[in-house]
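Here's the structure, in structure tokens; my notes come after.
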2 protein chains.
Amino acid sequence: MRIGVFQFSPKWGDIGYNLAAISDTIFYYKGVELWVLPELCTTGYVFESKKDLEPLAEVFPSGKTSEAMEEVTRTSGTTVIMGVLEKLGENYFNSAAVFSKGFFMGIYRKIHLFNEEKHLFTPGFESPPVFRVKDVKIGVMICFDWIFPEVARTLALSGAMIIAHPANLVLPYCQDAMITRSIENRVFTVTANRVGTEQIGSKPPVTFTGKSQIVSPTGERLGVLSENEENVLIVDIDPSEALDKNITKLNNLFEDRNPDVYKL
Amino acid sequence: MRIGVFQFSPKWGDIGYNLAAISDTIFYYKGVELWVLPELCTTGYVFESKKDLEPLAEVFPSGKTSEAMEEVTRTSGTTVIMGVLEKLGENYFNSAAVFSKGFFMGIYRKIHLFNEEKHLFTPGFESPPVFRVKDVKIGVMICFDWIFPEVARTLALSGAMIIAHPANLVLPYCQDAMITRSIENRVFTVTANRVGTEQIGSKPPVTFTGKSQIVSPTGERLGVLSENEENVLIVDIDPSEALDKNITKLNNLFEDRNPDVYKL
């Protein structure tokens, strides 16, 4: 399976512009079967208040993002997992939408909101989901979810072979920690981070840390981008490697668990 | 609190020799309040069969290790967490005994046995424990437990500020992963690994990877030893730093957990 990550700096508040950049990239790099894009990649990340979300938030699967991505994935035959700004009822969510070959497959609403996101978004209230593309099960989590080992664990125990991880990282820890997430769950992890700095209204500037990466189930970094450049990372993987949970002949990381003695 | 790690190469099968080396070290480095020693540090690690365990296994708190360590900790006023070969009923356990200021405080029996340990030992059947030394809560896990995030999580949620981690590591992953364990739980982790190679009977040689380390709750390596030398690592820490679970003003890593949506 050919995986692509598009690390870029979305144009703040301009969904049309960002969708065009995403579409151009997907059409240019033919043959990618799964694209993972950054968190909130259609809108930008920094908002002064909920008021600023309203003109940019979309109901899924309707609105211009759904329309564009259904068309792009239908025409190119690919699957895309991308961070979006979702409106559901009266609430806003920091979500990741999944589109595959012309269809909206579903959405994940970020469970663990980072810092001032708590002033803007409602936390996700459902377990992180696993989607199936052919025989490959793909789990989704967003950015700060990484620091809670329960999220990647939940996805892996639910069968995820690949964890798609849209992100807008600002702390320095995550990329190395995702190697641990891959090793402890024996899954591929695909972190699509953004780059650039946003300075919006009276808010202090926020700089994102790039270094998008793809990590194998044995913790090998199969590819990594720079900390500040827009770029594409493409790696061919064999997702079935994630089905082997044996780290030694006698140690299966899932069968060896003993939930009776964990206090979680 | 002054923490000491004694990274060494135990003499296989010679409990008396190893206890003397441990005692000498503890008496030489005065003022250390908590010592963490490697896994199975009184006996060595490689055994051909259960038959070889019998002459070396001890019932706790009796036997020469308990006697010696009660005396050493009483005289020096320190606390020691050390890997031992335990016999309990008809079963052998890969355990970590805790001695403090003249007293046996308790024992942890390794839950997740690595590779051929499964042919020798019975897996621990109790939750990993947290001991209290003055106001400092210290959790214990052993070696391969590191790869199961549930273990460090259980200890941290049980109040551990420091995780003492006796180890006989042979895989290359653990030391970096322990940084993730510290960050995700905001605790100090103290990994006491051994060095050297053991070649016992018909078994293939096993080389241990050293690099014992102490990591802060923010993931900083406060000290690390080499991969092959016997040495002592001493670091002064403020254990109360582990009480602050806030990674941002708005993010408390424990309060932000949402066990309702985890499937563990």
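The values are calculated or read from the model by the stated rules, or taken from the named source; none is laboratory data. Please read these numbers as outputs of a predicted model, since none were measured by experiment. For neighbour counting, all protein chains shown are included, and Cβ atoms are generated from backbone atoms with ideal geometry for every residue, glycine included. All accessible areas refer to the heavy atoms of the entire protein, side chains included, with ligands and DNA or RNA removed. Shrake-Rupley method; radii C 1.70, N 1.55, O 1.52, S 1.80 Å.
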Checklist entry - Which FRET efficiency value, to the nearest 0.05, is calculated for A:THR207 and A:ARG132 with the Förster distance at 41 angstrom and r the Cβ-Cβ distance? => result 0.65
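How many Cβ atoms of partner chains, on average, are near each residue of A:180-186 if near means within 10 Å of its Cβ? Spell out each step's value before the answer.
On the way: counts 13, 4, 0, 8, 9, 2, 1.
The shielding value for this peptide is 5.
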Item to check | For chain A, built as a Gaussian network whose Cα springs stay under 10 Å, the top-fluctuating residue of A:PRO205, A:PRO239, A:PRO217 | outcome: A:PRO205
Checklist entry - Applying the Karplus parametrisation 6.51 cos²θ - 1.76 cosθ + 1.60 with θ = phi - 60° to the phi angles of region A:7-13, what ³J(HN,Hα) value in whole Hz is obtained for each residue in order, glycine and proline being reported as x? => result 8, 8, 10, x, 7, 4, x
Checklist outcome for this item: Shortest first and in nm, the label-point separations between B:SER240 and its counterparts in the other identical copies (7 Å out along Cα→Cβ) come to 5.8
Checklist entry - Sequence-distant or interchain residues sharing an amide H contact under 5 Å with A:VAL133, placed H: which? => result A:ILE138
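Determine the dipole magnitude for the protein assembly as shown: charges of +1 sit on the beta-carbon of Lys and Arg, -1 on that of Asp and Glu, nothing else is charged, the reference point is the Cα centre, and the result goes in debye to the nearest 20. Could the numbers behind the result be given before it?
Values: 52 positive and 66 negative charges, 82 e Å.
It comes to approximately 400 debye.
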Checklist entry - Cβ under 13 Å from B:LYS110's Cβ, B:LYS110 left aside: what net charge do those residues give with Lys, Arg +1 and Asp, Glu -1? => result -4
Checklist entry - To one decimal in nm, how far is B:ARG74 from the same spot in the other copies, if labels go 7 Å from Cα toward Cβ? Please give the shortest first. => result 8.3
Next on the checklist: Starting from the 7 Å offset along Cα-to-Cβ, what nm value, one decimal, do you get for the label separation of B:PHE103 and A:GLN199?
Outcome noted: 6.0
Checklist entry - Hey, how many Å between the Cα centroid of region A:185-264 and the Cα centroid of region B:35-74? => result 40
Next on the checklist: Quick one: 3J(HN,Hα) in Hz for region B:244-254, Karplus 6.51/-1.76/1.60 with θ = phi - 60°, rounded, Gly and Pro as x.
Outcome noted: 8, 8, 8, 8, 9, 4, 9, 10, 9, 5, 8
Next on the checklist: Averaged across A:110-116, how many Cβ atoms of other chains sit within 10 Å of each residue's Cβ atom?
Outcome noted: 4
Next on the checklist: At R0 = 22 Å, how high is the FRET efficiency between A:LYS118 and B:LYS263 if r is their beta carbon distance? Nearest 0.05 is fine.
Outcome noted: 0.35
Checklist entry - Between B:TYR29 and A:GLU227, how many nm apart are label points set 7 Å from Cα along the C-beta direction? => result 3.3
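If you add up the charges near B:LEU19, with Lys and Arg at +1 and Asp and Glu at -1, over every other residue whose beta carbon is less than 14 angstrom from its beta carbon, what do you get? All intermediate terms of the calculation are to be shown ahead of the outcome.
Values: positive: B:LYS11, B:LYS64; negative: B:ASP14, B:ASP24, B:GLU58, B:GLU67, B:GLU70, B:GLU71.
Counting the neighbours of B:LEU19, the net charge comes to -4.
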Checklist entry - Taking a label point 7 Å from Cα toward Cβ, how far is A:LYS30 from its twins in the other copies, in nm, shortest first? => result 7.9
Next on the checklist: Counting heavy atoms of the protein chains only and a 1.4 Å probe, report the per residue accessible area for chain A as a whole number of Å².
Outcome noted: 37
Checklist entry - Just B:ALA242, B:ALA20, B:ALA57 to compare: in a GNM of chain B, with alpha carbon springs under 10 Å, which one fluctuates most? => result B:ALA20
Checklist outcome for this item: Quick calc: nm separation of the 7 Å Cα→Cβ label points for A:SER49 and B:GLU54 -> 8.0
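Within 10 Å of each Cβ of A:118-127, how many other protein chain Cβ atoms are there on average? Please report the intermediate quantities before stating the final value.
Working: counts 4, 1, 0, 0, 0, 3, 2, 3, 2, 5.
Mean shielding by partner chains, rounded to a whole number: 2.
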Item to check | Surrounding net charge for B:LEU56, when Lys and Arg each add one and Asp and Glu each subtract one, Cβ distance under 10 Å | outcome: -3
Checklist outcome for this item: Whole-Hz Karplus couplings 3J(HN,Hα) for region A:158-169, θ = phi - 60° and coefficients 6.51, -1.76, 1.60, Gly and Pro as x, run 7, x, 4, 9, 10, 10, 8, 9, x, 8, 10, 6
